[in-house]
1. Any chance you could count how many residues in region 233-257 are touching a residue at least 40 places away in the same chain (Cβ under 8 Å) and open to solvent by less than 70 Å² (accessible area, probe 1.4 Å)?
2. Can you name every residue in region 221-238 that is within 17 Å of residue 76 (Cβ to Cβ) and touching a Phe, Trp or Tyr at 6+ places or on another chain (Cβ under 9 Å)?
3. Among the listed residues 156, 140, 97, identify the single one that is of a type outside the set (S, T, N, Q) and over 20 Å from the mean Cα position of the chain (by Cα).
4. In region 172-193, how many residues are surrounded by fewer than 19 Cβ atoms within 10 Å (Cβ to Cβ) and touching an Asp or Glu at 6+ places or on another chain (Cβ under 8 Å)?
5. Kindly provide the set of residues from region 1-48 that are within 16 Å of ligand 2 (Cβ to nearest atom) and among the hydroxyl-bearing types (Ser, Thr, Tyr), ordered by number.
6. So residue 106 ticks every box in (1) within 19 Å of residue 154 (Cα to Cα); (2) touching a Lys or Arg at 6+ places or on another chain (Cβ under 7 Å) but one. Which box is left unticked?
7. Which residue pairs have Cβ atoms under 9 Å apart, sit 6 or more places apart or on different chains, and have a first residue in region 268-282 that is farther than 14 Å from residue 215 by Cα and open to solvent by 60 Å² or more (accessible area, probe 1.4 Å) and a second that is of a type in the set (A, V, I, L, M, F, W, C) and at pLDDT 95 or above?
Amino acid sequence: MRQIDLHVHTTASDGTYTPTQAVELAARLGLSAIAVTDHDTVAGFDEARKAGEKLGVELVPGIEISTHFGRAVHILGYYIDPKSRILADTLVWMIRERDVRNRRMVEAMAADGIPISYERMRERFGTAIGRPNFGQILVELGYASSVQDAFDRFIEKGQKYYRSRKMLSIERTVETIVRAGGVAVLAHPFQYRLDDAGLRELIEHCLDYGLGGMECLYSGYTAEQSAYLLRLAREYSLTPTGGSDFHGLNKPAISMGSGKGDLFVPYELLEGLKERKEKRSE
Ligand code: AMP
Ligand code: ZN
Ligand code: FE
Ligand code: FE
């Protein structure tokens with residue numbers, strides 16, 4: 001059975017593999033297709049698609065947007081039109097809000113004597129800079145032993161250098177993906193620590209704005225958890241998707257394709273996603 005991974009981050013956001021390196025890894029692993037789902041940017045896709053053409057890996061354009069519904073909730077967007085005006089305007093706003101937040105984090109660290117410069121971070125990490133990039137810096141400067149340790153002690157919500165950023169509402173997020181021609185998918189539903197009623201409330205709320213799918217297979221989810229999500233997806237006529245959330249060395253426990261060891265996303269889920277996209281554009 002052909003294997004895919006519909007949730008991959010690259011250096012265009014906070015992954016450590018360049019788009020080309022990510023596709024090279026996918027080819028080595030024998031994956032038939034991957035989706036590049038960087039946070040708040042589609043800047044990595046062109047390079048990935050070109051590498052995919054050379055190496056025989058199908059590339060799915062994607063994005064991941066952080067939003068909130070009582071708590072942090074992530075929405076994936078697949079097959080969005082990169083030339084969509086509303087999407088481009090929204091991304092400009094989100095990157096600007098990231099910059100505002102990131103500069104505040106840099107100021108707080110610098111005030112404690114940590115030798116960090118946002119200009120240098122921009123040169124190195126590009127435009128969509130996220131907290132894992134701060135984690136990398138804290139590791140390199142010897143303040144943390146790993147990116148996870150940096151989160152635990154410095155940059156996780158509630159820690160000293162955490163700063164919040166303005167985010168798009170969940171309604172606008174789903175709507176924007178749909179208006180950009182994409183399929184909006186609820187990412188990693190178990191991350192939100194909702195019970196069945198809470199998850200249904202979240203799904204039903206998003207359905208009103210055009211939610212089209214739900215990530216049912218994900219790193220670390222048990223067979224029972226995935227079966228439950230697949231049942232929910234069927235019940236709500238949502239297209240099931242699956243992916244690892246690969247970030248390279250920024251999340252060393254997660255491997256592309258196989259996640260924490262036992263993830264297997266079959267190609268047929270991508271066929272379902274394509275059908276959903278076609279229905280959208282009719
Ligand atoms: P940002 O959007 O810049 O605030 O950063 C969010 C990124 O940080 C996402 O990729 C998350 O997966 C990652 N992240 C959030 N919390 C943690 C944590 N406790 N440990 C490791 N990574 C985290
Ligand atoms: Zn990330
Ligand atoms: Fe996420
Ligand atoms: Fe992700």
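The values are calculated or read from the model by the stated rules, or taken from the named source; none is laboratory data. This is a predicted model, so every value here is computed, not measured. Virtual Cβ from ideal backbone geometry, glycine too; neighbours counted across all protein chains shown. The area values use the complete protein model at the heavy-atom level, side chains included, leaving out ligands, DNA and RNA. Shrake-Rupley method; radii C 1.70, N 1.55, O 1.52, S 1.80 Å.
1. 13
2. Keep residues of region 221-238 that are within 17 Å of residue 76 (Cβ to Cβ), which gives 221, 226, 229-230, 232-233, 236, 238.
Across region 221-238, the qualifying residues are 221, 226, 229.
3. Numbers: 156 fails: over 20 Å from the mean Cα position of the chain (by Cα); 97 fails: over 20 Å from the mean Cα position of the chain (by Cα).
The conditions single out 140.
4. 1
5. Passing the criteria: 10, 11, 13, 16, 17, 18, 37, 41.
6. (2)
7. If the second residue must be of a type in the set (A, V, I, L, M, F, W, C) and at pLDDT 95 or above, the pairs left are 280/178; 280/183.
Per-residue answers, yes or no, for (1) more than 14 Å from ligand 2 (Cβ to nearest atom); (2) surrounded by 16 or more Cβ atoms within 10 Å (Cβ to Cβ); (3) outside any helix (DSSP H, G or I):
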position	(1), (2), (3)
91	yes, yes, no
94	no, yes, no
100	yes, no, no
106	yes, yes, no
129	no, yes, yes
